[in-house]
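All of the numbers you see were taken from the coordinates with simple rules; none came from a lab. As the structure is a computational prediction, the values presented were derived from the model and not from experiment. Note that each Cβ is placed from the backbone with ideal geometry, even for glycine, and that neighbours are counted across all protein chains shown.
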Amino acid sequence: MPKPSEQAKAAFTKLVPAGPTVSLRPMFGNLAAFVNGNMFAGLFGEDLFVRLPADESDKVRSQGGRDFAPMAGRPMTGYVTVPSTWRSKPDAAKGWIRTALQETGKMPAKVPAAKKAAAKKR
């Protein structure tokens, strides 16, 4: 699994709006942004991906984005990787992240899964 550079993490952190329902946390060695427990953006190596409605994802693809597929040939539904210029042209990335936050924020809050009970000792 690709790992992001410290520069990519810093750039991503600056793009994610602060808020009481927004959090940043590690995800598979990368960094992701969540709203109410639902992921709306993240890094996969040096790539930035966002969760967008289909019409918005199509706009990103038309500007050089592509499906977000952490496993080759298995794209994640609802997510798109933005063009690789996201760090050098952060205004577009800010807009995509803002839209992803707004749209994902409409989803019900994710309830943490209950932890499995410790195995009984014999």
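Computed extension length for SER23-ALA113: 30.6 nm, one decimal, from 0.36 nm per residue of separation with the Cα-Cα distance subtracted. Counting only Cβ charges, +1 for Lys and Arg and -1 for Asp and Glu, the dipole size of the chain around its Cα centre is about 860 debye.
Since only TYR79, ALA109, LEU52 are under comparison, the one whose Cα sits farthest along the positive direction of the charge dipole of segment 8-122, derived from C-beta charges on Lys, Arg, Asp and Glu, is ALA109.
Both radii come from the Cα set of segment 6-105: Rg as radius of gyration, Rh as Kirkwood radius; their ratio Rg/Rh reads 0.92. By the helix-only formula, in which each DSSP H run with n ≥ 4 contributes -39500 (n - 2.57) and the sum is divided by residues, the chain has a 222 nm mean residue ellipticity of -9000 deg cm²/dmol.
Taking a straight line from the alpha carbon of LYS59, these aspartates and glutamates sit under 20 Å away, with near neighbours fewer than eight places off in the same chain left out: ASP47, ASP67, ASP91, GLU103. Kindly express, to the nearest 10 degrees and within the range 0 to 90, the angle between helix 90-105's C-alpha long axis and the longest C-alpha principal axis of the chain. Helix 90-105 and the main axis of the chain meet at about 40 degrees.
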